[in-house]
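Q: Next up is a structure, given as structure tokens.
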Amino acid sequence: MSIETAAREARYSFFAKMAKQRRCQTIFLAHHADDLVETFLINLFRGAGLTGLAAMREVSMRRIEDVNLTIVRPLLGVWRDEIDSYVRQHRLKFREDASNKNLAPLRNRFRRRVIPYLEKTLGRKIRPSILRAATIAAEEEAWIESMAKHPDAKNQRLSVEKLRSLPTALQRRFIMAWLREQSIADIGFDVIERVRSLLDPKIAKINLPRDRHARRRGGRIFVE
């Protein structure tokens, strides 16, 4: 696990702890349009599908440990330079994260090297176009999610027979939703494909992140 991923998981764990203590189910985050563009590009180069490209939304749900959080990002349509201009105009005090200048984190390299290089090479600003693509992806992903809900995703055990009857794309979406219900961390394409491999009669057990496992027994798939 990268330092960035570990830090993100620690932040969300803290949010969940505070939400539980204060009996609050909604948190507001300050991600802005530049963050959305960077996330879209990073996930694109990682080979993400529509779900990954639409990962950052204005309103989303996330289950962390035993807490269901509604995450709201009201500034996704606002650019960083607009925020900086507002701060200067109103003389607001703020703190700059010193790590933003460090090129070791992948996001910082995209922000300071990759995106400027692409804009120089193409001879135009690419951020607005990528923001539009990310917005379209998020809207389409939300619609697909609403159409592809499967009631068994909340069950602790998956039916192998039912899973096999679904098209591959729906299998992946169903497995992803099910893994989230089981509080599995770091769910990516490789993890989902490992679970799909349990549909093969020759495979009975696979590894999941953080020393957890999925096993097939008696026509059911479950996490242990």
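Q: Given the criteria within 21 Å of the chain's Cα centre (by Cα) and closer than 26 Å to E65 by Cα, does F222 qualify?
A: For F222, the condition - within 21 Å of the chain's Cα centre (by Cα) and closer than 26 Å to E65 by Cα - is not met.
Q: Can you list residue pairs whose Cβ atoms sit under 6 Å apart, with the first residue in the stretch 111-127 being under 18 Å from H32 (Cβ atoms) and β-branched (V, I, T) and the second being surrounded by 14 or more Cβ atoms within 10 Å (Cβ to Cβ) and modelled with pLDDT of 95 or more? Count only pairs 6 or more apart in sequence or on different chains.
A: Matching pairs, first to second residue: I126/L118.
Q: I would also like to ask the following. Evaluate the following for A55: is it surrounded by 13 or more Cβ atoms within 10 Å (Cβ to Cβ) and assigned to a loop (DSSP other than H, G, I, E, B)?
A: Criteria met by A55.
Q: Is it the case that some residue within the stretch 88-108 is among the hydrophobic types (A, V, I, L, M, F, W, C) and within 25 Å of A185 (Cα to Cα)?
A: Scanning the stretch 88-108, I find at least one residue that is among the hydrophobic types (A, V, I, L, M, F, W, C) and within 25 Å of A185 (Cα to Cα), so the answer is yes.
Q: OK, next. Listed residues I126, I115, I130; which is among the aliphatic types (A, V, I, L, M), under 25 Å from A48 (Cα atoms) and under 20 Å from the mean Cα position of the chain (by Cα)?
A: Within the list I126, I115, I130, the selection yields I130.
Q: Anything in the stretch 141-161 that is surrounded by 13 or more Cβ atoms within 10 Å (Cβ to Cβ) and touching a residue at least 40 places away in the same chain (Cβ under 8 Å)? List them, or say none.
A: Within the stretch 141-161, E141, A142, I144, R157, L158, S159, V160 meet the criteria.
Q: For the stretch 1-34, which residues satisfy the criterion of being in contact (Cβ under 8 Å) with a residue 60 or more places away in the chain, of a type in the set (A, V, I, L, M) and crowded, with 16+ Cβ neighbours inside 10 Å?
A: Scanning the stretch 1-34 gives a single hit, A33.
Q: Scan the stretch 59-83 for residues that are over 24 Å from K154 (Cβ atoms), in a loop (DSSP other than H, G, I, E, B) and out of contact with any strand residue (DSSP E or B) (no Cβ under 7 Å at 6 or more places or on another chain) and report the count.
A: The number of residues fulfilling the criteria is 6.
Q: Go through (1) closer than 25 Å to G47 by Cα; (2) free of Cβ contacts under 8 Å to residues at least 40 places away in the same chain; (3) surrounded by 12 or more Cβ atoms within 10 Å (Cβ to Cβ); (4) charged (D, E, K, R) for R180 and report which single condition fails.
A: Against the list (1) closer than 25 Å to G47 by Cα; (2) free of Cβ contacts under 8 Å to residues at least 40 places away in the same chain; (3) surrounded by 12 or more Cβ atoms within 10 Å (Cβ to Cβ); (4) charged (D, E, K, R), R180 comes up short only on (2).
Q: How many residues are polar (S, T, N, Q) and touching a residue at least 12 places away in the same chain (Cβ under 8 Å) when one looks only at the stretch 196-216?
A: 1
Q: Please go through the stretch 65-103 and give me each residue that is hydroxyl-bearing (S, T, Y) and within 24 Å of R127 (Cβ to Cβ), ordered by number.
A: S85, Y86, S99 - these are the residues of the stretch 65-103 that are hydroxyl-bearing (S, T, Y) and within 24 Å of R127 (Cβ to Cβ).
Q: Given the structure, is I221 without any contact (Cβ under 8 Å) to a residue 24 or more places away in the chain and surrounded by 13 or more Cβ atoms within 10 Å (Cβ to Cβ)?
A: no
Q: Kindly indicate whether R22 is at pLDDT below 90 and among the basic types (K, R).
A: When the stated conditions are applied, R22 does not pass them.
The values are calculated or read from the model by the stated rules, or taken from the named source; none is laboratory data. Because the structure is predicted, anything quoted here is derived from the model rather than measured. Glycine also receives a Cβ, built like all others from the backbone with ideal geometry; neighbour counts cover every protein chain displayed.
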